[in-house]
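One structure is given here, and the rest of the page talks about it.
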Amino acid sequence: MARMRRWEIEAIGRRHLTLNDVEIPRPGRGEVLVKANAVALNYRDKMVVETGRGLPLKFPFTPGSDLSGEVVALGEGAARFEVGMNVISTATPDWIDGLRAGTARTPAYRTLGGFYPGVLAEYVAMPEDWFVLAPASLEAWQACTLSVAGLTAWFALVEKAGVRAGDTVFIPSTGGVALFGVQIAKANGAEVIVCSQPEHEERARALGADHFIDANSDWMETVYRLTSERGADIILEVIGGRHLGRSVEVTAVGGRVCQIGALDGWDITAPAMPLMLKDITIHGIGTGSRKALERFVRAIDQTRIVPVVDSRYSLADLPAAFDHLDRGAFGKIVIDVTRWRTPQSGP
């Protein structure tokens with residue numbers, strides 16, 4: 001049997017992460033075999049390895065959810081793709097369209113590299129419904145960034161908040177989702193205000209930010225001033241915790257807040273009076289559906305948005321890539337599955 005390399009953990013913890021030599025899987029009925037070209041890392045991937053996040057992992061477990069690759073074989077009955085097509089994974093594979101699965105008591109959280117085995121391997125055999133065609137305008141190491149960070153920003157701004165020309169969008173970060181948000185908002189004709197650390201100003205403006213606010217300053221007053229007291233129509237709230245309350249205060253009357261991240265904690269708070277008196281809508285965002293990803297891919301090809309990639313590592317250098325996640329990055333960190341080489345910044 002042909003062999004390949006695949007990252008696996010036998011137990012929770014970084015010390016259990018090993019690059020193993022295993023058989024290349026065969027696609028079953030309704031599955032496709034995909035040769036991986038690149039995998040984008042998310043902070044969630046590192047946390048799954050280190051803590052398990054309370055998920056029902058079956059060992060040995062492979063982390064990672066954001067893959068771009070080439071279809072190299074079809075299982076019986078598989079018909080969505082042809083051999084040779086370039087595809088990207090869907091991080092929430094059970095969510096095809098419409099409302100997300102789950103109940104009031106038990107929201108759905110079945111993701112690749114979480115509930116389902118992940119994609120940090122040279123080949124993966126998975127149901128064909130778990131993939132979409134990759135954008136023609138991007139290289140594989142760029143396309144792999146779309147499945148989580150890109151789709152989350154798209155689903156929040158376009159599919160839920162309905163961003164449109166003339167809107168003011170406030171983005172209090174320069175993380176992976178935030179940088180996609182800047183580009184998506186600008187592509188839809190919005191005015192974008194970014195708030196982050198001053199060393200990121202030049203690159204944020206190069207991506208399209210109309211205004212940049214030092215996060216160490218009185219940024220709320222600056223938002224009021226920049227919007228002539230009107231506030232922001234849409235806020236991409238990627239920090240969470242108590243920061244949600246500040247976002248509510250600078251949201252315009254009738255505005256929308258997209259709650260995505262929890263960097264400041266999972267218990268979010270907001271003042272009730274401005275929330276009610278300004279008729280603010282808060283959208284809880286957890287990535288997006290496969291159909292939304294397909295729409296985002298078409299938008300990528302039409303607008304020529306280019307994902308921001310901070311660094312690229314070889315498959316063998318996954319531990320170093322996780323260390324880079326700990327230090328922070330401007331843009332996504334990508335594993336070049338098909339190449340053995342030293343870490344590379346950007347392209």
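The values are calculated or read from the model by the stated rules, or taken from the named source; none is laboratory data. Bear in mind that the values here come from a model prediction, so they are computed numbers and not experimental data. Glycine also receives a Cβ, built like all others from the backbone with ideal geometry; neighbour counts cover every protein chain displayed.
Return a yes/no flag: does the stretch 72-90 have any residue that is buried (at least 24 other Cβ atoms within 10 Å of the Cβ) and of a type outside the set (A, V, I, L, M). Don't jump to the end; show me each part of the working.
From the stretch 72-90, those buried (at least 24 other Cβ atoms within 10 Å of the Cβ) are 88-90; that's our starting set.
Narrowing further to those that are of a type outside the set (A, V, I, L, M): 89-90.
Yes, because at least one residue in the stretch 72-90 is buried (at least 24 other Cβ atoms within 10 Å of the Cβ) and of a type outside the set (A, V, I, L, M).
Is there a residue being in contact with a Phe, Trp or Tyr (Cβ under 6 Å, 6 or more places away or on another chain), part of a loop (DSSP other than H, G, I, E, B) and buried (at least 23 other Cβ atoms within 10 Å of the Cβ) anywhere in the stretch 14-29?
Step one: list which residues in the stretch 14-29 are in contact with a Phe, Trp or Tyr (Cβ under 6 Å, 6 or more places away or on another chain), which gives 19, 24.
Checking the rest, the ones that are also part of a loop (DSSP other than H, G, I, E, B) come to 24.
The next check asks that each one be buried (at least 23 other Cβ atoms within 10 Å of the Cβ); those that pass are none.
The answer is no; no qualifying residue exists.
Please state which of the following conditions VAL87 fails to meet, knowing it meets all the rest: (1) out of contact with any Asp or Glu (no Cβ under 7 Å at 6 or more places or on another chain); (2) more than 20 Å from ARG295 (Cα to Cα).
(2)
Could you count how many residues in the stretch 39-72 are aromatic (Phe, Trp, Tyr) and in a strand (DSSP E or B)? I'd like the intermediate steps shown before the answer.
Of all residues in the stretch 39-72, those aromatic (Phe, Trp, Tyr) come to 43, 59, 61.
Still in the running and in a strand (DSSP E or B): 61.
Residues that pass the stated criteria total 1.
Which one of these is buried (at least 21 other Cβ atoms within 10 Å of the Cβ), among the hydroxyl-bearing types (Ser, Thr, Tyr) and more than 16 Å from the chain's Cα centre (by Cα): THR152, THR174, THR145, THR168?
Working: THR152 fails: more than 16 Å from the chain's Cα centre (by Cα); THR174 fails: more than 16 Å from the chain's Cα centre (by Cα); THR145 fails: more than 16 Å from the chain's Cα centre (by Cα).
Checking each option against the conditions leaves just THR168.
Somewhere in the stretch 117-124, is a residue closer than 23 Å to ARG44 by Cα and surrounded by fewer than 20 Cβ atoms within 10 Å (Cβ to Cβ)? Walk me through it before giving the result.
Within the stretch 117-124, the first condition is being closer than 23 Å to ARG44 by Cα, and the residues that meet it are 117-124.
Subsequent filtering for residues that are surrounded by fewer than 20 Cβ atoms within 10 Å (Cβ to Cβ) retains 122.
Yes: the stretch 117-124 contains one or more residues that are closer than 23 Å to ARG44 by Cα and surrounded by fewer than 20 Cβ atoms within 10 Å (Cβ to Cβ).
Scan the stretch 45-54 residue by residue and report those that are within 18 Å of ALA108 (Cα to Cα) and surrounded by fewer than 16 Cβ atoms within 10 Å (Cβ to Cβ).
ARG53, GLY54
What are the residues in the stretch 283-317 that are among the hydrophobic types (A, V, I, L, M, F, W, C) and buried (at least 19 other Cβ atoms within 10 Å of the Cβ), if any?
Of the stretch 283-317, the ones among the hydrophobic types (A, V, I, L, M, F, W, C) are 285, 292-293, 296-297, 299-300, 305-306, 308-309, 315-316.
Those that are among the hydrophobic types (A, V, I, L, M, F, W, C) and buried (at least 19 other Cβ atoms within 10 Å of the Cβ): ILE285, ALA292, LEU293, PHE296, VAL297, ILE300, ILE305, VAL308, VAL309, LEU315.
Out of curiosity, is ALA36 in a loop (DSSP other than H, G, I, E, B) and surrounded by 18 or more Cβ atoms within 10 Å (Cβ to Cβ)? It would help to see each step written out before you state the result.
On the way: in a loop (DSSP other than H, G, I, E, B): no; surrounded by 18 or more Cβ atoms within 10 Å (Cβ to Cβ): yes.
In short, no.
Do we find a residue being β-branched (Val, Ile, Thr) and either in a loop (DSSP other than H, G, I, E, B) or at pLDDT below 95 (or both) anywhere in the stretch 307-324?
Narrowing the stretch 307-324 to residues β-branched (Val, Ile, Thr): 308-309.
Now narrow it down to the ones that are either in a loop (DSSP other than H, G, I, E, B) or at pLDDT below 95 (or both): 308.
The answer is yes, given that some residue of the stretch 307-324 is β-branched (Val, Ile, Thr) and either in a loop (DSSP other than H, G, I, E, B) or at pLDDT below 95 (or both).
Considering only strands (runs of 3 or more DSSP E) fully contained in the stretch 177-267, which possess at least 1 residues that are among the acidic types (Asp, Glu), over 25 Å from GLY286 (Cα atoms) and modelled with pLDDT of 95 or more?
On the way: elements: 191-196, 211-214, 232-237, 251-259.
It comes to 211-214.
Can you work out which of the residues in the stretch 268-283 that are part of a strand (DSSP E or B) and β-branched (Val, Ile, Thr) is nearest to the chain's Cα centre (by Cα)? Let's see the steps before the verdict.
Taking the stretch 268-283 first, the residues part of a strand (DSSP E or B) are 281-283.
Subsequent filtering for residues that are β-branched (Val, Ile, Thr) retains 281-282.
On the way: THR281: 23, ILE282: 20 Å.
The extreme case among them is ILE282.
Within the stretch 70-99, how many residues are in contact (Cβ under 8 Å) with a residue 24 or more places away in the chain and on the phi > 0 side of the Ramachandran plot? Walk me through it before giving the result.
Applying the first criterion (in contact (Cβ under 8 Å) with a residue 24 or more places away in the chain) to the stretch 70-99 yields 70-81, 85-93, 95-98.
From what's left, on the phi > 0 side of the Ramachandran plot: 77, 98.
Qualifying residue count, the stretch 70-99: 2.
Does GLU10 meet the test of being of a type in the set (Asp, Glu) and touching a His at 6+ places or on another chain (Cβ under 8 Å)? Let's see the steps before the verdict.
On the way: of a type in the set (Asp, Glu): yes; touching a His at 6+ places or on another chain (Cβ under 8 Å): yes.
It is true that GLU10 is of a type in the set (Asp, Glu) and touching a His at 6+ places or on another chain (Cβ under 8 Å).
Identify, from the list VAL124, VAL132, VAL71, VAL83, the residue that is under 25 Å from LEU325 (Cβ atoms) and aliphatic (A, V, I, L, M).
Working: VAL132 fails: under 25 Å from LEU325 (Cβ atoms); VAL71 fails: under 25 Å from LEU325 (Cβ atoms); VAL83 fails: under 25 Å from LEU325 (Cβ atoms).
Only one candidate passes the filter, namely VAL124.
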